């Protein structure tokens with residue numbers, strides 16, 4: 001029996017996700033039960049990228065999520081449910097989805113993963129404070145414990161009772177398919193920052209604002225399947241916010257100039273800003289895992305003019321909403337559905 005505690009102090013050291021990956025390699029599971037209080041788009045993207053396609057293809061996974069208070073992103077649930085060999089349920093979902101503001105009658109607060117390989121008698125469990133968001137998996141200050149049992153007897157005498165209880169919760173939970181459509185409609189109504197596209201003032205000049213924001217969506221993994229992407233498209237005229245003059249003609253695959261980003265931990269990073277072949281402005285961002293930004297997928301990227309460059313911050317949708325909802329101005333929607341705009 002092996003028991004290890006861990007604490008996130010640095011994303012390059014032990015994290016919730018690194019311990020999950022470690023147990024997967026030790027157990028080589030046939031099946032897994034994964035229980036998280038909430039899931040975000042960034043967490044789904046981070047988990048998928050880190051675990052790789054072989055995890056989905058080789059392991060039968062059962063997922064139990066909460067939707068309490070609307071913290072879980074509907075698209076994250078759809079993303080996981082769309083993977084091979086997955087079954088997704090929601091704790092008390094039929095009740096919570098109909099409750100005002102998704103207030104539960106009993107909070108679901110688990111953050112635990114179980115792995116089993118019964119033929120080889122290997123079992124694993126990771127439990128801690130980290131939720132199914134990129135921050136909870138690798139970046140936040142979190143702590144937890146990892147358990148590995150190399151025999152059925154060790155499993156029986158340690159965390160098998162917890163597994164049985166968790167499996168009972170999953171057995172009695174609401175299938176995602178029963179509520180996802182309604183949850184998504186209500187979630188967008190109650191929690192998604194309003195697009196206000198009809199209120200957007202086309203005469204707004206980006207250069208007049210101190211803060212610009214954009215939803216990242218799911219970012220193409222231009223650096224390889226196992227690394228987070230760092231390029232996003234933006235619409236015409238955003239270049240003015242970053243201090244570039246508007247050229248007389250739109251020339252595809254041309255360069256506006258360079259942007260210097262002020263990152264949380266990596267220092268100033270300078271990258272080209274271009275007009276792409278797809279008639280969109282193309283931004284190359286700092287490499288996230290080297291600069292304290294973990295992953296862009298599913299986040300709202302907030303830029304602010306600073307001394308010597310542009311400060312860059314990543315926020316989950318609900319955190320952005322709480323911080324800036326009453327300060328949004330000139331909000332627009334791209335053809336892809338991603339929102340962007342300015343903050344006064």
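Observations, loosely collected:
- The angle separating the long axis of helix 176-190 from the principal Cα axis of greatest extent in the chain is about 40 degrees.
- If you plug the beta carbon distance of residue 258 and residue 188 into 1/(1 + (r/R0)^6) with R0 = 45 Å, you get a FRET efficiency near 0.75.
- Here the spin labels are modelled as points 7 Å beyond Cα on the Cα-Cβ line, and at residue 250 and residue 1 they lie 6.5 nm apart.
- Cβ-based exposure ranking for 273, 261, in which fewest neighbours within 10 Å come first: 273, 261
- Based on C-alpha pairs under 8 angstrom that are at least 6 apart in sequence, the chain has a relative contact order of 18 percent.
- Each residue in 40, 255 was given a count of other beta-carbon atoms within 10 angstrom of its own, and listing them fewest first yields 255, 40.
- For volume of the Cα convex hull per residue in Å³, calculated from these coordinates, the label among [x] 136; [y] 174; [z] 126: [x]
- Among 166, 118, 149, residue whose mean-square fluctuation peaks in a GNM of the chain (springs only between Cα atoms under 10 Å): 118
- Model label points for residue 164 and residue 54, set 7 angstrom from Cα along the Cα-to-Cβ axis, are 3.4 nm apart.
- The residues 126, 207, 59, when put in order of fewest to most other Cβ atoms within 10 Å, stand as 207, 59, 126.
- Taking 0.36 nm per residue of separation and subtracting the current Cα-Cα distance, fully stretching the chain between residue 270 and residue 150 would add 38.3 nm.
- With helices as the sole contributors, the chain gives -7000 deg cm²/dmol at 222 nm; each DSSP H run of n ≥ 4 counts as -39500 (n - 2.57), and the sum is divided by every residue.
- Fully extended contour minus Cα-Cα distance, from residue 141 to residue 85, at 0.36 nm per residue: 17.0 nm
- Taken over segment 29-139, the convex hull of the Cα atoms encloses 102 Å³ per residue.
Values in this text are rule-based calculations from the coordinates and carry no lab data. Worth saying up front: this structure is predicted, and the values here are computed from it rather than measured. For neighbour counting, all protein chains shown are included, and Cβ atoms are generated from backbone atoms with ideal geometry for every residue, glycine included.
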